[in-house]
Amino acid sequence: MSGVAVLIDHDRGVPSGGALEALTAARSLAADLNAELDAVILGDGDLFDAHGADLVATCAAYGAAAVHCGRHSFLADYGPDAWGAALAMFVEAAGPVAVMAAGTDRGAEAMAQLAARRDLPLVANCVNVSPAGSLTDAPSDPAGGEAWRITRIQWGGSLLEDVTLTSTLPLLTIAQHSIEAEPCEGGSVHTTVADFKPDLGPEVQQTLVRDRVTLTEGITLSTAPVVVSGGRGVGSADGFAPLEELAELLGGRVGCSRAVTNNGWRSHADQVGQTGTRIAPEIYIACGISGAIQHWVGAMGSKNILAINIDPEANMVTKAGYAVIADLHEVVPAICDEIRRRRDRPPS
Amino acid sequence: MRILVCVKRVPAVGSRINVTADAQQVDTAHLGFTTSPHEECAVEEAAQIAERLDGDDHTVVVLTLGPEESAEQLRYAASVGGTEFALVLADSGLDWDPQRTAAAITSAVRELEAAGGQFDLILFGNESADGGNFQVGIRVAHALGRPIVNGIKGIDPHERGFTARRETDAGYEVYELEAPCALGVKEGINLPRYPTMKGRLASRKAQIQLLDCAADADAGGQSRVRLHRPPERASTTVQLGASAAAAPAVVDLLDELGVL
Ligand SMILES: Cc1cc2nc3c(=O)[nH]c(=O)nc-3n(C[C@H](O)[C@H](O)[C@H](O)COP(=O)(O)OP(=O)(O)OC[C@H]3O[C@@H](n4cnc5c(N)ncnc54)[C@H](O)[C@@H]3O)c2cc1C
Ligand SMILES: Nc1ncnc2c1ncn2[C@@H]1O[C@H](COP(=O)(O)O)[C@@H](O)[C@H]1O
């Protein structure tokens, strides 16, 4: 039975969070289409020896009826050509009714490689997918078939676009964090595991990961429970010292706006927003940031937002749950002092 | 070294994006236009690489597909290191889905290469600021038979090609590509320069070559129905204070949220 196939993007055997979201989205699409849910995992012998069982168990828990393991020595690590070519061969052999992946760096790139190889449309960063036939008012395409109706994000999530998709094989990526990853009730009853061996030429080796460098251990901006960000209002690179201190006291990370990176005050790795990092902390403390829409889309996943700004009308202030309308240079050190004072105080 | 950079003209939106009454476009009535930050950095990167290797004689071709007004973005590129400019005129009445866009850009690259020689490197943005399709560069590179890696935040040219770094959560991955090749770059790879006096002069004198290869590109399978804004999260802002005296209230909040 042909199914909805999901490419599980992973880093040396560890699936991305997005892959689990994509599996969740694909499971409901497969149900709509009355099709089976299939997972596709790419790796080499060593990778499957070390992580295969865990990966299969994860896919099974998310409802995959079958897991297809593409094995090749060129798939020992990530490479867009290797992944794209292997995926294209899987599609050729298995004939899925749709192929999906997460809108992560790897998911998006491998799917674009597949789309380019097969000259098929690819709808990126979907948040809602209605297959052909599921809507009574769906337009039909010139070739006679019906089109899929899809909602996707534009501008990093500031805008939505409804599109129709006319294709012999719908290819979709799922916008990250647009759906909660949810294992299916009771897991998959019986998951079959099948190997396939893509025939990869030496040309795919050019884009394999050659080396990697680890710079940060532990919490990153995207996983930090607290992010203390500064914008143009901070005024200088040195002005970030109190923000560093606050982040340190709270076990969080320092972020910033693009105005700050453009001024060279901080590295772009700290930038929150459309062209920076999406964050999802328990609390986001935005100091001297106006809240332009491109910044907001990176911050809106925060559970709580505290804006510290001298302008009560700033977008960041009006959108935040909490605000202090005052000079950040006075407020932030005062918060640090208060935290230290409470911590020094013997528990009563 | 011949380097090509593909940039796209996009509206410079502020704190809210408005859509036209027919829901087909961003309402740009009161907006200026800009180049996506990723692509601005791509132009800067191309200029830096070419200047380092060839000095003042460098060649950085900047291409855009869009309406006539996109010349504005090419002129800006001229002020910050671009040396040659190509505008692929796109009929604004058509649906410029990623497949059609890529097909038109591919023919334009072929035309530019036939006239001026092969590009050693073609740079794209990681994704366009508006559409965010994450695919046009990959489609073009594939059609030209060149390797491409997206998400690049560092490029070092060497004898046979380029070493490219891609950012990950923990650090970066290293790729080695042989020329000719393509890369999709991300903001942060460099700090784009501001136009100098000399740059502004170059911008005024820039010759823009018009290419009309867009007409033959067929529509792909993705077609726009409408644009709309996502529902806004309703919020009432709780004011914790208007001076440093708000600190205890802030720390109470941190305590309540369990992050203290
Ligand atoms: C395609 C595109 C992508 C973009 N991507 C991003 C992105 O990823 N991330 C991003 O951040 N931006 C992005 N931008 C830029 C964005 O549009 C804004 O220009 C930027 O976010 C503004 O940064 P800011 O809030 O620090 O500066 P400003 O807008 O200048 O705001 C400064 C704020 O500081 C306040 N302030 C000043 N002094 C003080 C003080 N002493 N105490 C307290 N408050 C003070 C002011 O009231 C003001 O609200 C992008 C733009 C484009 C076109
Ligand atoms: N109309 C265009 N003109 C020139 N380059 C474009 C155009 N559209 C997309 N690109 C390039 O392709 C990249 C990826 O675009 P996209 O697939 O839309 O996210 C962009 O960052 C640009 O470098």
**Asked** Given the conditions (1) in contact with an Asp or Glu (Cβ under 6 Å, 6 or more places away or on another chain); (2) open to solvent by 10 Å² or more (accessible area, probe 1.4 Å); (3) not hydrophobic (A, V, I, L, M, F, W, C), which single one is not true for residue A:107?
**Response** (2)
**Some residue of segment A:90-101 being open to solvent by 10 Å² or more (accessible area, probe 1.4 Å), away from ligand 1 (no atom under 16 Å from the Cβ), in contact (Cβ under 8 Å) with a residue 40 or more places away in the chain and farther than 27 Å from residue A:166 by Cα** = no
**Asked** What about residue A:287, is it near ligand 1 (Cβ under 10 Å from one of its atoms) and under 23 Å from the mean Cα position of the chain (by Cα)?
**Response** no
**Fill in**
Residue set A:22, A:57, A:39; condition over 23 Å from residue B:174 (Cα atoms), free of Cβ contacts under 8 Å to residues at least 40 places away in the same chain and surrounded by 24 or more Cβ atoms within 10 Å (Cβ to Cβ); output residue A:39
**Prompt:** In segment B:186-224, which residue that is free of Cβ contacts under 8 Å to residues at least 60 places away in the same chain and of a type in the set (A, V, I, L, M, F, W, C) is nearest to the other protein chains (Cβ to nearest Cβ)?
**Reply:** B:197
**Message:** Exactly one condition in (1) without any contact (Cβ under 8 Å) to a residue 40 or more places away in the chain; (2) open to solvent by 40 Å² or more (accessible area, probe 1.4 Å) is false for residue A:193; which is it?
**Reply:** (1)
**Request:** May I ask you to list the residues in segment A:106-140 that are at pLDDT 95 or above and either among the β-branched types (Val, Ile, Thr) or not in a helix (DSSP H, G or I) (or both)?
**Result:** A:119, A:120, A:121, A:122, A:123, A:124, A:125, A:126, A:127, A:128, A:129
**Item:** Hits in segment B:169-185 (condition: in a loop (DSSP other than H, G, I, E, B), facing chain A (nearest Cβ under 7 Å) and either at pLDDT 95 or above or in contact with a strand residue (DSSP E or B) (Cβ under 7 Å, 6 or more places away or on another chain) (or both))
**Value:** B:170
**Prompt:** So, of the residues in segment B:140-152 that are out of contact with any Pro (no Cβ under 8 Å at 6 or more places or on another chain) and open to solvent by less than 10 Å² (accessible area, probe 1.4 Å), which turns out to be farthest from the other protein chains (Cβ to nearest Cβ)?
**Reply:** B:152
**Prompt:** For segment B:153-167, does any single residue satisfy the condition of being over 19 Å from residue A:209 (Cα atoms) and either open to solvent by 50 Å² or more (accessible area, probe 1.4 Å) or within 20 Å of the chain's Cα centre (by Cα) (or both)?
**Reply:** yes
**Fill in**
Being touching a helix residue (DSSP H, G or I) at 6+ places or on another chain (Cβ under 8 Å) and away from ligand 2 (no atom under 12 Å from the Cβ) narrows B:134, B:119 down to just B:119
**Complete:** Here the residues within segment A:208-260 that are within 12 Å of chain B (Cβ to nearest Cβ), part of a helix (DSSP H, G or I) and open to solvent by 50 Å² or more (accessible area, probe 1.4 Å) are A:258
**Prompt:** Out of all the residues in segment A:1-14, which are part of a strand (DSSP E or B), open to solvent by 40 Å² or more (accessible area, probe 1.4 Å) and of a type outside the set (D, E, K, R)?
**Reply:** A:14
**Asked** Which of the residues belonging to segment B:56-85 are within 16 Å of ligand 1 (Cβ to nearest atom) and open to solvent by 20 Å² or more (accessible area, probe 1.4 Å)?
**Response** B:72, B:76
**Request:** Scan segment A:302-322 for residues that are without any contact (Cβ under 8 Å) to a residue 24 or more places away in the chain, in a loop (DSSP other than H, G, I, E, B) and either closer than 16 Å to residue A:234 by Cβ or near ligand 1 (Cβ under 8 Å from one of its atoms) (or both) and report the count.
**Result:** 1
**Prompt:** How many residues are assigned to a loop (DSSP other than H, G, I, E, B) and either in contact with a Lys or Arg (Cβ under 9 Å, 6 or more places away or on another chain) or modelled with pLDDT of 95 or more (or both) when one looks only at segment B:1-14?
**Reply:** 2
**Complete:** Filtering segment B:7-49 for residues that are open to solvent by 10 Å² or more (accessible area, probe 1.4 Å), within 9 Å of another protein chain (Cβ to nearest Cβ) and under 21 Å from residue B:127 (Cβ atoms) leaves a count of 5
**Asked** Of the residues in segment B:242-257, how many are facing chain A (nearest Cβ under 7 Å), more than 14 Å from residue A:285 (Cβ to Cβ) and of a type in the set (Gly, Ala, Ser)?
**Response** 3
**Message:** Given the options A:299, A:323, A:292, name the one that is within 24 Å of the chain's Cα centre (by Cα), at the interface with chain B (Cβ under 8 Å from one of its Cβ atoms) and away from ligand 2 (no atom under 16 Å from the Cβ).
**Reply:** A:292
**Request:** Please list, ordered by first then second residue, the pairs with beta carbon atoms under 6 Å, 6 or more apart or interchain, first in segment B:119-130 and away from every other protein chain (no Cβ under 11 Å), second more than 8 Å from ligand 2 (Cβ to nearest atom) and open to solvent by 10 Å² or more (accessible area, probe 1.4 Å).
**Result:** B:119/B:2; B:120/B:1; B:120/B:2; B:120/B:179; B:120/B:180
**Item:** Test: residue B:88 is open to solvent by 10 Å² or more (accessible area, probe 1.4 Å), part of a strand (DSSP E or B) and either basic (Lys, Arg) or at pLDDT 95 or above (or both)
**Value:** no
**Asked** Going by the conditions given, is residue B:229 within 7 Å of another protein chain (Cβ to nearest Cβ) and surrounded by fewer than 14 Cβ atoms within 10 Å (Cβ to Cβ)?
**Response** yes
**Request:** For segment A:166-187, name all the residues that are open to solvent by 30 Å² or more (accessible area, probe 1.4 Å), more than 14 Å from chain B (Cβ to nearest Cβ) and small (Gly, Ala, Ser).
**Result:** A:181, A:186
**Request:** Please go through segment A:25-36 and pick out each residue that is free of Cβ contacts under 8 Å to residues at least 40 places away in the same chain and not hydroxyl-bearing (Ser, Thr, Tyr).
**Result:** A:30, A:31, A:34, A:36
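The values are calculated or read from the model by the stated rules, or taken from the named source; none is laboratory data. Remember, predicted model here, so these are calculated numbers, not experimental data. Every residue, glycine among them, receives a Cβ derived from its backbone with ideal geometry; neighbour counts consider all protein chains shown. Accessible surface areas use protein heavy atoms only, side chains included; no ligands, DNA or RNA. Shrake-Rupley method; radii C 1.70, N 1.55, O 1.52, S 1.80 Å.
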